[in-house]
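Peer 1: Attaching a single structure in structure tokens format; questions to follow.
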Amino acid sequence: MKYWIFGLLAGWMSVAQAGFSDSDLLPVDEAFALEASAATADRIVAKWTIADGYYLYRSKFRFATDAEGIRFGEASYPAGKIKQDEFFGEIETYRHQVAIEIPVIRDPGAPDSFELKATSQGCADIGVCYPPNTQLASLTLAAAAPPAGGALQRLSDLGIGGGFGAEEELLPAEQAFQPDVEVVDGNTLAARWNIAEGYYLYRHKFEFILEPVPGVTLQPAQIPEGEHKTDEFFGAIQVFYDEANAVIPLQRAGSAATPLTLTLKYQGCAEIGVCYPPMSRSFELLLPAATAAGPVAATTTQPPQALSEQDALAKRLTEGSQLTTLLAFFGFGLLLAFTPCVFPMIPILSSIIVGQGPHITVRKSFVLSLVYVLAMAATYTVAGVIAGKFGHNLQAAFQNPWVLSSFAGVFVLLSLSMFGFYDLQMPASIQGRLSEISNRQSGGNLVGVAVMGFLSALIVGPCVAAPLAGALIYIGQTGDAVLGGLALFCLSLGMGAPLILIGMGAGKLLPRAGVWMDKVKAVFGVLMLGVAIWLLERILPAPVTLALWAFLLVLSSIYLGALDDLPVEASGWSRLWKGLGVLSLVYGVLLLIGAASGARDPLQPLQGVLASQSGGTSAIAEAHLPFKTIKTTTDLDRELAAARERGQAVMVDFYADWCVSCKEMERYTFAKAEVQQALSGVLLLQADVTANDDADKALLKRFNLIGPPTILFYDESGTGRPELTLVGFIPADEFVQHLEKL
């Protein structure tokens, strides 16, 4: 099978190259357009705008000038993307845009103007590489400051020249940015910068260098998302104000205590418009002996610091083969297809097919299903890329009462058309309008089907799972929306593949026109009403939704003949339908009783009645964990500080009323006795982000989270344990095993 895939890809590449001649390639200066500017009196920035489908090699940049008395220091490069190149092996490349800082060293009497010779080399994605190309740029620097006072004095003079007097002169670098490093445990380091007011650090300038030590290597640092800023030299970047933090996992081959020397590299600026040169600071550390619960010993091949599932998937996107990674995300989507977030799409798509009537062909069923799934997948992809790059969850924005109520109303209209109510005594104008809406949205044309797929992705299924979070983390950290978006698209196609099969099956198994077809449409009418109630569960009180489910079951039981007499000669099918109707009627009555007694769970409608008979509502309360609700980052910091003083571990649960998986966690995981016992002694905090307001967004942004359900953990010392972070639903037994790592 794999050889067939590679053969197909090779065929595509051959066709592409056969129809792509050298004359189609852009001129080198258009493919890689250079723009150079003077940043300060001793620093220039060379920026390349790279055309789509082209890339530059990081290792091929060279900078020179013929000007007397001017030479360049070591250039500062942003992080690129690792590529397996057929000519150079594993190499770092840049796409779209790259800005490189170059220190300028001027001898006394050197001219202020000079010509920069910037040499670079790049390729086109079709497999054609350009020879090394030298581009010229004329630059003029500000007059060099007198040497007295050194670099700091020159920076101070620039500040005064910008309108800041001596009382507001620039702070020394060591005061503006105060770094510190601590050893969290035998497998983890934590770096922290205190940043003075009016100053900031660039996120992309952080580098961590470990002097060679046998058996100890650095893993990729975990840096939270910073504040977005448009920089005149680097474009859209992220910066940190007040404070910056990074968690640095280590991979160890031994368990003995080990001395280390870690060097931090960073760069920052003052808000007045003056930037400091790149800075570095080294720290002498003693790494304690690795514990048995820590990273693995030298005889194993596993990394010492386990990553959370979503972080591991993000890392896989960075390091793995793109084809196998995308196939893996398709497989993850297949698994997600059997979660409650996708289940409601089954009656939606099936109703679209059924709405075509009994004469629909399998081919047309396939086309309608494919359009629905592609629209859903495209929406997931676009929404995910936006969430990854900007931190705004579009799906969460659609979980408000007005949107949910409107969409539920659409499903009610569709269900009524399934029951044939539009043929009753309605005025002709209203009947025609409703019929037009019904026919259009139930698949009368491909645009209507695509609209339903688009709305389903945004409104019906706002679930966050580990594969989705992994792709979003990758996009947020690397800015690579192409590979991240492809992963999201493959994930969505995996979720939609079973829907296509179900849609084709619905088209093939539909009965011929007649009484049977009316009964089939009535069944899907009930399912559409169920989807409407399922949506309203997110905004209505639990007893009210319990009553709605009761009404649906009772009315369905009447249609099934639960209250009708059966003749003696009734067939077996008639008796079966009546039996189902009686069961539906009984359960509907139980739900009505539960709604009246304050029950919340449709699967336990008599919970309130039993609780009242046992002397109160304690039985209901016992089924839920005693969470303490927090709203803001200040609330969280206060509770974490108090827990740290008590030596108490902390669990922070991000929850929303519209989050289906959150309710799964409450019903099937947190309600279990073994989970509650395992969490005894742990401070339980719940961040309710239902409103999705500014405070909720700030709390999510602090941890670079897209939305619920997400669970964070802190140990007794108050140290965050990012490797234990959980995203999505997890069963009770697996949750208990996970807690043992805390």
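The values are calculated or read from the model by the stated rules, or taken from the named source; none is laboratory data. This structure is a prediction, so every number in the text was calculated from the model and none was measured. Counting neighbours? That spans all protein chains shown, and the Cβs are built from the backbone with ideal geometry, glycine included.
Peer 1: How do the helices (runs of 4 or more DSSP H) wholly within the stretch 533-649 filter down when requiring 3 or more residues that are modelled with pLDDT of 80 or more and out of contact with any Ser or Thr (no Cβ under 8 Å at 6 or more places or on another chain): which remain?
Peer 2: Where helices (runs of 4 or more DSSP H) fall fully within the stretch 533-649 and carry at least 3 residues being modelled with pLDDT of 80 or more and out of contact with any Ser or Thr (no Cβ under 8 Å at 6 or more places or on another chain), they are 542-559, 572-596, 633-646.
Peer 1: Of all residues in the stretch 248-280, which are modelled with pLDDT under 85, farther than 17 Å from N187 by Cα and charged (D, E, K, R)?
Peer 2: E271
Peer 1: If you don't mind, there's one more thing I want to ask. Which one of V403, V362, V371, V382 is within 22 Å of S417 (Cα to Cα), modelled with pLDDT of 70 or more and of a type in the set (V, I, T)?
Peer 2: After ruling out the rest, the residue left standing is V403.
Peer 1: Does the stretch 680-694 include one or more residues that are more than 30 Å from Q238 (Cβ to Cβ) and free of Cβ contacts under 8 Å to residues at least 12 places away in the same chain?
Peer 2: yes
Peer 1: Another question, if that's okay. Just need a number here: residues in the stretch 242-259 that are free of Cβ contacts under 8 Å to residues at least 60 places away in the same chain and assigned to a strand (DSSP E or B).
Peer 2: Number satisfying all stated conditions: 7.
Peer 1: Here is a list: L705, L742, L712. Which entry is touching a strand residue (DSSP E or B) at 6+ places or on another chain (Cβ under 7 Å), assigned to a loop (DSSP other than H, G, I, E, B) and buried (at least 20 other Cβ atoms within 10 Å of the Cβ)?
Peer 2: L705
Peer 1: Here's another thing I want to ask about it. Going by the conditions given, is Q238 of a type in the set (S, T, N, Q) and within 17 Å of E182 (Cα to Cα)?
Peer 2: The answer is no for Q238.
Peer 1: Kindly list, by first and then second residue, each pair from a residue in the stretch 59-79 that is of a type in the set (K, R) and modelled with pLDDT of 85 or more to a residue that is surrounded by 15 or more Cβ atoms within 10 Å (Cβ to Cβ) and part of a loop (DSSP other than H, G, I, E, B), limited to pairs with Cβ atoms under 6 Å and residues at least 6 apart or on different chains.
Peer 2: K60/Q121
Peer 1: Among the residues of the stretch 242-270, which ones are hydroxyl-bearing (S, T, Y) and more than 14 Å from K205 (Cα to Cα)?
Peer 2: Once the filter is applied, which keeps residues that are hydroxyl-bearing (S, T, Y) and more than 14 Å from K205 (Cα to Cα), the stretch 242-270 yields S255, T258, T261.
Peer 1: Still on this structure, please answer the following. Which members of the stretch 52-77 meet the condition of being among the small types (G, A, S), under 18 Å from D42 (Cβ atoms) and not in a strand (DSSP E or B)?
Peer 2: A67, G69, G73, A75
Peer 1: For the list (1) charged (D, E, K, R); (2) at pLDDT below 90; (3) within 16 Å of W193 (Cβ to Cβ), I need the number of the one condition that E232 fails.
Peer 2: Tallying (1) charged (D, E, K, R); (2) at pLDDT below 90; (3) within 16 Å of W193 (Cβ to Cβ), E232 fails exactly one: (3).
Peer 1: Now, a different point. Are any of the residues in the stretch 181-188 outside any strand (DSSP E or B) and either in the same structural domain as Q97 (by TED's automatic domain parsing) or surrounded by fewer than 16 Cβ atoms within 10 Å (Cβ to Cβ) (or both)?
Peer 2: No, the stretch 181-188 contains no residue that is outside any strand (DSSP E or B) and either in the same structural domain as Q97 (by TED's automatic domain parsing) or surrounded by fewer than 16 Cβ atoms within 10 Å (Cβ to Cβ) (or both).
Peer 1: Go through the stretch 12-42 and report how many residues are within 30 Å of A142 (Cβ to Cβ) and at pLDDT 85 or above.
Peer 2: Number satisfying all stated conditions: 8.
Peer 1: Spot the failing condition for A695; the list is (1) in a helix (DSSP H, G or I); (2) crowded, with 18+ Cβ neighbours inside 10 Å; (3) of a type in the set (A, V, I, L, M, F, W, C), and only one is missed.
Peer 2: (2)
Peer 1: Can you work out which of the residues in the stretch 723-739 that are surrounded by fewer than 19 Cβ atoms within 10 Å (Cβ to Cβ) and touching a residue at least 24 places away in the same chain (Cβ under 8 Å) is farthest from V675 (Cα to Cα)?
Peer 2: Across the stretch 723-739, the extreme among qualifying residues is L724.
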